[in-house]
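**Q** Just dropping this structure here.
The values are calculated or read from the model by the stated rules, or taken from the named source; none is laboratory data. If you're wondering where the values come from, they're calculated on a predicted model, not measured in any experiment. Cβ placement follows ideal geometry from the backbone for every residue including glycine, while neighbour counts extend to all protein chains displayed.
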Amino acid sequence: MTHDKYDLVILGGGISGYSAAIRATQLGKKVAIVEKSHLGGTCLHKGCIPTKSFLKSADTYQLIQHAEHYGISASKPTFDFPKVQLRKQRIVDAMYQGLQKLIKQKNIDIFHGEGRLLGPSIFSPQSGTVAVTYEDGQSDLIPNDYVLIATGSSPITLPFLPIDHERIVTSDDILSMTALPKSIAIIGAGIIGLEFASFFSQIGVQVHIIESEDDIVINDSQAVTERLLTSLTKNGVVFHKGIALNDQNTTVTQTEIEFELDESFTTEMALVAIGRRANIEHIGLNNTEVEITEQQTIQTNPYMQTKASHIYASGDVIGQLQLAHVGAKEGVIAVEHMFQQDPLPIDYSNMPKCIYSSPEIASIGLTIKSAKEKGYQVKSVKAAFNTNGKALIMSPDIPDGFAELIVDRSNGSILGANLVGQNVTEQINELSVLQFLNGSALELGMATHAHPSMSELLMEMGLKYENQSIHL
């Protein structure tokens, strides 16, 4: 069946795709989304939301264990993983229902099937008509003026450790498992690996992290890295760095996984978290002029436009920053460009980057190293959270963590920031607004912050740059 022509057809209903769809309807366009699974994509169902629910449960478990530090006597808590799963699913379901309602209100049509781009045909002189195939074998054709490819990404796997979804797993499997392992090897010390290491170690699971690089460096900051690795090590995480896993040093038996590395050990489960690959296969790119990079992602210009001018791409599939908020922004920019709204291109260095570990990590802008490489004369302003009243109130012990501002000496503008500590993934957004407005350290310091609050440390740091701080 051939449908009426749409202004825009989007392949993929994740956060990048549905954000683009909603923005297009705000511009009065007729929009369809082709999605083979659930609206919301990885972020809602297998990523951002469910993992943060897990981490909150683990943090609360730790908080109750330290209740005596707050003057509260409490019996030893138990971590009821099935109930943790139920809580996670309630959150996901609530957000999913809200998203479905929103899409319906916006009159966005959803085609629940697999979409594929066709070449030029009687339906269109240019490539881009979308063929949708359903589970029952039926199909539809959707003519359009524009296509946005927002098909996301999938976990990268290892050939000698085939995923069986029980003992050799991806992050997708962790979020649906029914029982906790006693021990787990996490292969890869990226964001996914570190967040799950934080989760498992907080609830008493023995964790080994295996990393191929000799050093683990987060956000180009050795100080930030050391704080997190020290915290994880304190919780019992064992790091194995500079290790090249292969079928000679890894053995899967009926009951466990054996590793012969810098030391020999076994675990009940192995989580493969070595990154994600763009979903570019089986979507008909061979029928178009869309170009693929060496990294096997879709090549676009700063406005998400491919070589085929009527085809755009956004989110993980273009391989810039694989972060949900970045994908959403890319989707909106793509729509605004295709419909002549003159959007500003993304400055990827000014996108907030967060790790929801314990302690949390957040950064934005340039690092000291990258700022110097760009020719800036920089000054670093640093302060510890143990000088902050709200941080002392919130923490069961002396708060561990710090904030660092990277400032341009020539004009006082804030070039970047690194934060590590409790709730810093919230505080980073203040700095995101400031950078968007080209704010300076003095302007940050002159803006009155509530007392007590953790963010007033940022105010004090802005004043410190001008030698006007009261408490630093």
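**Q** Among (1) within 20 Å of residue 354 (Cβ to Cβ); (2) surrounded by 21 or more Cβ atoms within 10 Å (Cβ to Cβ); (3) in contact with a helix residue (DSSP H, G or I) (Cβ under 7 Å, 6 or more places away or on another chain), where does residue 42 come up short?
**A** (3)
**Q** Considering 232, 271, which residue is at pLDDT 95 or above, part of a strand (DSSP E or B) and under 22 Å from the mean Cα position of the chain (by Cα)?
**A** 271
**Q** Could you check segment 235-248 and list, in sequence order, the residues that are closer than 12 Å to residue 212 by Cα and either in a helix (DSSP H, G or I) or among the charged types (D, E, K, R) (or both)?
**A** 241
**Q** Then there's this: Condition first: touching a residue at least 24 places away in the same chain (Cβ under 8 Å), loosely packed, with under 14 Cβ neighbours inside 10 Å and hydroxyl-bearing (Ser, Thr, Tyr). Now tell me which residues in segment 51-74 satisfy that.
**A** The one that is touching a residue at least 24 places away in the same chain (Cβ under 8 Å), loosely packed, with under 14 Cβ neighbours inside 10 Å and hydroxyl-bearing (Ser, Thr, Tyr): 70.
**Q** Here is a follow-up. Residues being of a type in the set (Ser, Thr, Tyr) and assigned to a loop (DSSP other than H, G, I, E, B): count how many of those fall in segment 161-177.
**A** Total satisfying the criteria: 2.
**Q** Could I ask something else about it? Kindly indicate whether residue 214 is surrounded by fewer than 22 Cβ atoms within 10 Å (Cβ to Cβ) and in the same structural domain as residue 14 (by the TED database).
**A** no
**Q** Kindly indicate the residue of segment 1-15 that is modelled with pLDDT of 95 or more and over 19 Å from residue 282 (Cβ atoms) and also surrounded by the fewest Cβ atoms within 10 Å (Cβ to Cβ) among those meeting that condition.
**A** In this case the residue turns out to be 7.
**Q** Confirm whether residue 32 is in contact (Cβ under 8 Å) with a residue 40 or more places away in the chain and not in a helix (DSSP H, G or I).
**A** When the stated conditions are applied, residue 32 passes them.
**Q** Still on this structure: Any idea how many residues of segment 86-104 are surrounded by 13 or more Cβ atoms within 10 Å (Cβ to Cβ), over 10 Å from residue 40 (Cα atoms) and aliphatic (A, V, I, L, M)?
**A** So the count comes out to 3.
**Q** For segment 416-434, does any single residue satisfy the condition of being surrounded by 14 or more Cβ atoms within 10 Å (Cβ to Cβ), among the β-branched types (Val, Ile, Thr) and more than 22 Å from the chain's Cα centre (by Cα)?
**A** Within segment 416-434, not a single residue is surrounded by 14 or more Cβ atoms within 10 Å (Cβ to Cβ), among the β-branched types (Val, Ile, Thr) and more than 22 Å from the chain's Cα centre (by Cα).
**Q** Let me ask something else. Condition test on residue 251, is it assigned to a helix (DSSP H, G or I) and more than 23 Å from residue 43 (Cβ to Cβ)?
**A** Taking the combined requirement at face value, the residue does not satisfy it.
**Q** If I go through segment 322-345 residue by residue, how many of them are buried (at least 18 other Cβ atoms within 10 Å of the Cβ), assigned to a loop (DSSP other than H, G, I, E, B) and among the aliphatic types (A, V, I, L, M)?
**A** The total comes to 1.
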